[in-house]
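Written out below as structure tokens is the structure these notes cover.
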Amino acid sequence: MNIRSMAEWKKIAGGLLLLFSYVPAQAQYDPAFSQYWSLQPFYNPATTGLDGKLNVQAAYAMQLVGFENAPATLYAGVDLPVFFLSPKHGMGVGFLNDEAGLFAHKKFYIQYAYHQPLWGGSLSAGLRLGMLSEGFDGSGLDVSDTSDPAFPTSDVTGSGFDLDFGLYYKHKKWYVGASAMHLTGPEITYGDEKVNQISVPQTFYFFGGYNISFKNPLYKMYTSAMFRSDFMFYRGDVSCRLAYEGGRIQLYGGLSYSPTNSVSLLFGGKVMGVTLGYSYEMYTSAIGALNGSHEITLSYQTDLNIFKKGKNKHKSVRIL
């Protein structure tokens with residue numbers, strides 16, 4: 001917001017304090033999914049079309065259960081290799097809808113990645129072009145002075161161009177990646193008086209993972225970590241999942257820990273190419289375990305290599 005006077009600041013601060021003061025991690029612009037390891041195309045465009053398969057993903061998170069006007073986030077994305085060019089090319093599209101109280105944040109994007117075999121693995125670079133849309137429902141705001149242009153009394157929106165970039169290297173048992181979101185630093189203005197503005201900070205992500213095999217080939221352990229920062233706030237996550245991969249049904253369960261933020265319980269499974277995951281995030285602050293966040297992820301992968309003979313096979317390495 002562009003604040004024109006101390007009086008306006010006090011009014012706005014009073015209205016927003018209830019929503020944002022009790023969850024510091026949410027001060028970052030982008031949503032923090034507990035199952036970040038299963039939503040890599042959202043956090044890093046370099047993973048687009050990486051597995052040579054059609055990859056359809058969706059996620060829904062209900063945060064701070066029990067609080068009125070609590071945040072809720074919906075994400076959906078599709079990515080696939082571009083075989084008419086080369087399996088080295090990947091393309092994808094995605095949509096994000098993030099709502100918290102009277103605020104609504106939407107993102108529409110297309111992304112491209114190039115994958116090059118290197119040192120027994122694959123090095124990828126990706127670019128994402130997006131459009132951000134910010135909205136504020138002023139009809140739900142209760143203020144004494146309705147003529148103040150700093151407080152819209154109707155539903156107002158604004159939009160801006162967004163640019164993301166990512167690098168990713170994947171080997172047989174491990175992977176590392178880095179990405180930068182909002183490189184253009186969009187400043188989105190909305191409202192008839194054009195006095196309300198949101199400045200979107202550049203945000204950087206670093207993540208990696210290692211897969212551990214056991215003597216029994218039916219069991220594997222998947223470890224992963226992510227660190228994100230916009231130089232004002234930061235969040236780190238470390239996750240570990242034990243998976244059973246025998247027969248047509250595959251199951252996994254595990255834990256994720258974010259220092260100073262939360263502990264998450266994870267479990268899910270895959271049947272006939274469809275993977276369903278669930279997590280419950282318990283905040284370690286004064287909010288309490290019963291006012292945590294529910295998150296559901298759903299994905300489907302299928303082989304799209306039309307040059308291979310035979311039926312398509314269903315296999316997902318991104319989720320499990």
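Computed values, structure above
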quantity: In segment 244-271, the residues that are more than 30 Å from Ile287 (Cα to Cα), loosely packed, with under 14 Cβ neighbours inside 10 Å and out of contact with any strand residue (DSSP E or B) (no Cβ under 6 Å at 6 or more places or on another chain); calculated: Gly246, Gly247, Arg248
quantity: Segment 46-65, residues that are assigned to a strand (DSSP E or B) and either charged (D, E, K, R) or buried (at least 22 other Cβ atoms within 10 Å of the Cβ) (or both); calculated: Lys53, Asn55, Gln57, Ala59, Ala61
quantity: Test: residue in segment 190-209 that is within 22 Å of the chain's Cα centre (by Cα), under 30 Å from Glu245 (Cβ atoms) and free of Cβ contacts under 8 Å to residues at least 60 places away in the same chain; calculated: yes
quantity: In segment 95-123, residue surrounded by the fewest Cβ atoms within 10 Å (Cβ to Cβ) [restricted to those that are aliphatic (A, V, I, L, M) and either over 17 Å from Phe165 (Cα atoms) or over 19 Å from the mean Cα position of the chain (by Cα) (or both)]; calculated: Leu118
quantity: Test: Ser285 is surrounded by 15 or more Cβ atoms within 10 Å (Cβ to Cβ) and in contact (Cβ under 8 Å) with a residue 24 or more places away in the chain; calculated: no
quantity: Single condition Leu276 does not satisfy, out of (1) exposed (fewer than 15 other Cβ atoms within 10 Å of the Cβ); (2) in contact with a Pro (Cβ under 9 Å, 6 or more places away or on another chain); (3) within 21 Å of Lys53 (Cβ to Cβ); calculated: (2)
quantity: Strands (runs of 3 or more DSSP E) wholly inside segment 176-263 containing at least 1 residues that are in contact with a Gly (Cβ under 8 Å, 6 or more places away or on another chain) and among the β-branched types (Val, Ile, Thr); calculated: 187-190, 196-199, 219-229, 249-258
quantity: Residue among Thr297, Thr284 that alone is among the β-branched types (Val, Ile, Thr) and more than 27 Å from Ala46 (Cα to Cα); calculated: Thr284
quantity: Whichever residue in segment 158-169 is surrounded by 17 or more Cβ atoms within 10 Å (Cβ to Cβ) and at pLDDT below 95 and, among such residues, is nearest to the chain's Cα centre (by Cα); calculated: Asp162
quantity: Which listed residue is of a type outside the set (Phe, Trp, Tyr) and either more than 25 Å from Gly94 (Cβ to Cβ) or free of Cβ contacts under 8 Å to residues at least 12 places away in the same chain (or both), from Leu242, Leu298, Leu276, Leu266; calculated: Leu242
quantity: Test set (1) without any contact (Cβ under 8 Å) to a residue 40 or more places away in the chain; (2) among the charged types (D, E, K, R); (3) crowded, with 17+ Cβ neighbours inside 10 Å - Glu68 fails condition number; calculated: (3)
quantity: Failed condition for Pro201, given (1) in contact with a His (Cβ under 7 Å, 6 or more places away or on another chain); (2) at pLDDT 95 or above; (3) not aromatic (Phe, Trp, Tyr); calculated: (2)
quantity: Flag if Ala58 is over 24 Å from Glu187 (Cβ atoms) and at pLDDT 75 or above; calculated: yes
quantity: Residue ID - modelled with the lowest pLDDT, chosen from residues in segment 24-38 that are hydroxyl-bearing (Ser, Thr, Tyr) and assigned to a loop (DSSP other than H, G, I, E, B); calculated: Tyr29
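Let's see how each residue does on (1) in contact with a Pro (Cβ under 7 Å, 6 or more places away or on another chain); (2) modelled with pLDDT of 95 or more; (3) under 30 Å from Gly209 (Cβ atoms); (4) of a type in the set (Phe, Trp, Tyr):
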residue	(1), (2), (3), (4)
Leu64	yes, no, yes, no
Pro71	no, no, yes, no
Val82	no, no, yes, no
His115	no, no, yes, no
Ser122	no, no, yes, no
Glu134	no, no, no, no
Asp155	no, no, no, no
Tyr175	no, yes, yes, yes
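The values are calculated or read from the model by the stated rules, or taken from the named source; none is laboratory data. Predicted model, so just to flag it, every value in this text is computed and none were measured. Neighbour counts run over all protein chains shown; Cβ positions are idealised from the backbone, glycine included.
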